[in-house]
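Data first, discussion second: the structure below is written as structure tokens.
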Amino acid sequence: MIRFLLRRAGWFAVTLFCVVTLSFAMMRAVRGGPFDSERALSPAIEANLKARYHLDWPLWKQYAAYVGPLELGEQRAAWLGGDGTRVFGGVLAGDFGPSFRYRDTTVNDILAQSLPISLALGGVALAFALVLGLAAGLVSAQYPRSSLDTLVRTTATIGIAVPNFVIAGFLVILFAFLVPLFPVAGYGSWEHMVLPGCALGLPFAAYIARLTRAGMLDALSFDWIRTARAKGVPPRTILLRHALRAGIVPVVSYLGPATAGILTGSLVIERIFAIPGTGSHFVNSALNRDYTLAMGVTILYTTLVCGLNVLVDVLYTWLDPRVALEEEG
Amino acid sequence: MGALLRWKLDAPAVTPERGAALGAEAWRRLRRNRVAWWSLMFLALVGLTSLLAPLLPLPSPAALELSAEPTPPAGPWTSIGNHGFQREYWPLSSVDERLVDARVALFGDWQTGPWLGTDSKGRDLLSRIVWGSRTSIAVALLAMLTSLVIGVTWGAFAGFVGGRTDRVMMRIVDVLYSLPFIFIVIFLITILQGWKDLLETRLGLNREAVFYLSIGAVYWLTMARVVRGQVLSLRHAEFVDAARQMGASTARILFVHIVPNVFGIIIVYLTLSIPSVMLFESFLTFLGLGIEAPRVSWGLLAVDGADTIHPLGIDWWLLVWPAVAMGTTLLALNILGDGLRDALDPKSALAAKGAAQT
């Protein structure tokens with residue numbers, strides 16, 4: 001187990017290194033920088049700006065400063081809120097540097113402000129997807145080939161085939177205009193989270209329902225289920241006690257991709273519902289060429305998704321002890 | 001269809017006749033699956049419509065009336081107008097020019113009315129959906145082609161060579177798989193905008209082509225995994241040994257002997273991933289990184305529809321019809337993909353039949 005975790009941590013480090021290095025290289029290779037605007041800056045101002053963000057340093061030095069293990073000197077460290085004594089600044093210490101577009105703001109400030117919002121939204125969506133998907137899948141598997149089953153399967157297939165902003169549109173029309181239950185957009189109270197959470201979670205609920213149904217039907221055909229049935233265990237207990245653990249293995253392995261998908265989907269949903277989360281910052285930063293912010297979000301989300309994948313793998317062995325971690329590590 | 005099923009046979013003596021018989025068997029199974037068969041027919045219809053779009057008597061998808069208000073679906077059933085293609089604004093290929101000429105010869109100035117309504121710039125929605133299908137299908141096909149080339153080569157090579165190379169190559173796929181790839185694609189597209197001059201003048205790639213290619217570059221991972229798995233199981237088949245002993249090169253064995261045998265599963269995966277590519281297109285278009293006006297795609301239409309939601313009266317048709325077009329097509333693709341998988345794999349077909357009956 002520990003060996004597995006160590007090995008995964010090693011791969012994780014390699015992955016992150018590649019992401020950071022490649023995106024840094026691509027970013028600096030582009031012509032046109034974040035300070036381009038309609039009005040041409042005077043050379044002196046431009047030089048000053050570049051000096052401030054260390055864009056006049058040689059590339060290797062910029063990279064080293066961005067990643068971390070380089071003494072930055074008191075001035076910059078103090079400006080970032082440090083005391084100038086630490087040796088590891090930069091990404092390694094969780095410091096993504098100053099934002100290029102929002103002057104006087106660090107990427108960390110922006111993330112600290114927006115990440116909780118996005119995580120809350122993603123959490124609501126994931127919970128919604130799991131609850132609805134598992135429930136629908138279980139019902140579907142308990143009464144296979146019934147009309148209820150057909151309904152669930154059809155709805156699930158349609159849910160997968162429509163983009164989430166269209167779902168969001170329908171939800172807004174239905175529950176904000178026709179039946180005014182929830183606010184149209186904005187952020188603040190729990191009511192603001194309901195529609196975005198649903199719109200974000202529905203496609204994943206559909207997929208989870210399909211996976212649960214298939215997994216449960218598979219699990220229900222095992223010998224030990226027949227044994228349980230033969231000795232008179234009530235159907236509900238069989239379903240929830242005996243079959244569920246084996247049946248939701250596919251769902252667990254889908255959790256990693258689902259989280260990644262929900263994080264991505266939130267780019268769109270946050271825009272529709274005007275939620276000030278990380279997703280909208282990411283899109284804006286990409287369009288504004290705010291490179292440090294874009295990189296910060298990319299690195300952060302990569303970390304999140306990779307970390308979650310490890311967690312899923314660990315959960316996997318707990319659910320299905322036949323899966324050996326060592327083999328695939 | 002003939003080559004599709006040969007990978008199922010472990011015997012090396014696959015004669016073309018038997019292969020054809022197996023292909024025909026799969027075809028028959030597909031036809032017997034009524035839902036999948038109708039999905040195929042529906043998709044053929046969609047494909048034909050988009051191919052023949054210039055021939056159809058539709059109003060221009062691009063002619064703007066800036067002062068127009070969106071109008072709901074209504075009559076009159078027919079109207080008079082010309083196709084309104086301005087060469088510099090909406091370039092047509094030579095084949096399409098012919099089709100437009102044929103249309104003028106056939107229908108003259110007669111064209112359909114606003115059957116599905118018009119949008120906020122007075123453009124006919126039906127026409128835009130039909131023309132938009134061209135872009136969406138092109139995105140899907142080109143992205144699939146890219147992922148096919150990269151994925152099949154990568155997966156087949158890894159599976160065939162095996163050993164350390166295989167481990168490293170598949171580890172790379174695993175690592176890429178665990179990344180939130182869309183962030184990287186968005187990053188890529190943004191970055192590539194900075195290289196626009198270089199790409200357009202030197203390589204002749206426009207923004208849309210870059211867009212297609214970057215989508216394809218994301219979707220090859222699953223393909224590589226699937227192909228590798230299949231190739232692993234074929235690597236020591238007798239016909240491969242035979243080819244090797246006759247002195248065939250690795251590349252020849254791979255692409256002449258092995259890849260045709262995994263074609264069935266490749267087709268299934270292509271069918272099943274086209275929906276996600278189309279969704280991805282709409283996603284990027286929503287973020288302003290995909291198709292741009294005056295070009296039109298289903299993603300762009302859905303985005304326009306979602307944009308029109310406001311409390312002062314809802315222009316529902318702008319959201320509903322693109323969603324219906326996209327939804328039915330993707331639904332049909334999903335069903336067809338499942339049907340193909342069942343048809344090509346009798347074991348899962350039995351399971352599906354058991355589940356689908358009564």
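The figures follow:
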{"item": "Restricting segment A:226-239 to residues that are part of a helix (DSSP H, G or I) and without any contact (Cβ under 8 Å) to a residue 60 or more places away in the chain, the residue that is nearest to residue A:139 (Cα to Cα)", "result": "A:236"}
{"item": "Test result for residue A:316, under 25 Å from residue A:96 (Cα atoms) and at pLDDT below 80", "result": "no"}
{"item": "Selection from segment A:115-156 of residues that are assigned to a helix (DSSP H, G or I), more than 27 Å from the chain's Cα centre (by Cα) and among the hydroxyl-bearing types (Ser, Thr, Tyr)", "result": "A:140, A:147, A:150, A:154"}
{"item": "From the options A:254, A:291, residue that is within 20 Å of residue A:315 (Cα to Cα) and of a type in the set (Ser, Thr, Tyr)", "result": "A:254"}
{"item": "Extreme residue, nearest to residue B:283 (Cα to Cα), among residues of segment A:162-179 that are facing another protein chain (nearest Cβ under 8 Å) and not in a helix (DSSP H, G or I)", "result": "A:163"}
{"item": "Filter result for residue B:350 (within 12 Å of chain A (Cβ to nearest Cβ), modelled with pLDDT under 75 and surrounded by fewer than 23 Cβ atoms within 10 Å (Cβ to Cβ))", "result": "no"}
{"item": "Residue list for segment B:264-283, filter: within 10 Å of chain A (Cβ to nearest Cβ) and hydrophobic (A, V, I, L, M, F, W, C)", "result": "B:278, B:279, B:280, B:283"}
{"item": "Residue A:131 assigned by TED's automatic domain parsing to the domain that holds residue A:270, farther than 30 Å from residue A:235 by Cβ and either among the aliphatic types (A, V, I, L, M) or surrounded by fewer than 16 Cβ atoms within 10 Å (Cβ to Cβ) (or both)", "result": "no"}
{"item": "Helices (runs of 4 or more DSSP H) wholly inside segment B:181-285 containing at least 1 residues that are modelled with pLDDT under 80 and over 19 Å from the mean Cα position of the chain (by Cα)", "result": "B:181-194"}
{"item": "Check on residue A:137, buried (at least 16 other Cβ atoms within 10 Å of the Cβ) and touching a helix residue (DSSP H, G or I) at 6+ places or on another chain (Cβ under 7 Å)", "result": "yes"}
{"item": "Counted residues, segment A:266-294 - those being over 12 Å from the mean Cα position of the chain (by Cα), at the interface with chain B (Cβ under 8 Å from one of its Cβ atoms) and in a helix (DSSP H, G or I)", "result": "8"}
{"item": "Test: residue in segment B:290-309 that is facing chain A (nearest Cβ under 10 Å), under 30 Å from residue B:157 (Cβ atoms), surrounded by 20 or more Cβ atoms within 10 Å (Cβ to Cβ) and among the aliphatic types (A, V, I, L, M)", "result": "no"}
{"item": "Test: residue A:258 is under 21 Å from residue B:279 (Cβ atoms), touching a residue at least 40 places away in the same chain (Cβ under 8 Å) and either assigned to a helix (DSSP H, G or I) or more than 11 Å from chain B (Cβ to nearest Cβ) (or both)", "result": "yes"}
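So that you can scan it fast, the table gives a plain yes or no per residue for (1) modelled with pLDDT under 85; (2) buried (at least 20 other Cβ atoms within 10 Å of the Cβ):
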position: A:147; (1), (2): no, no
position: A:151; (1), (2): no, no
position: A:156; (1), (2): no, yes
position: A:159; (1), (2): yes, yes
position: A:167; (1), (2): no, yes
position: A:175; (1), (2): no, no
position: A:179; (1), (2): yes, no
position: A:183; (1), (2): yes, no
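The values are calculated or read from the model by the stated rules, or taken from the named source; none is laboratory data. Since this is a predicted model, take the numbers as computed values, not measurements. A quick note on method: Cβ atoms are made from the backbone with ideal geometry, for glycine too, and the neighbour counts reach across all protein chains shown.
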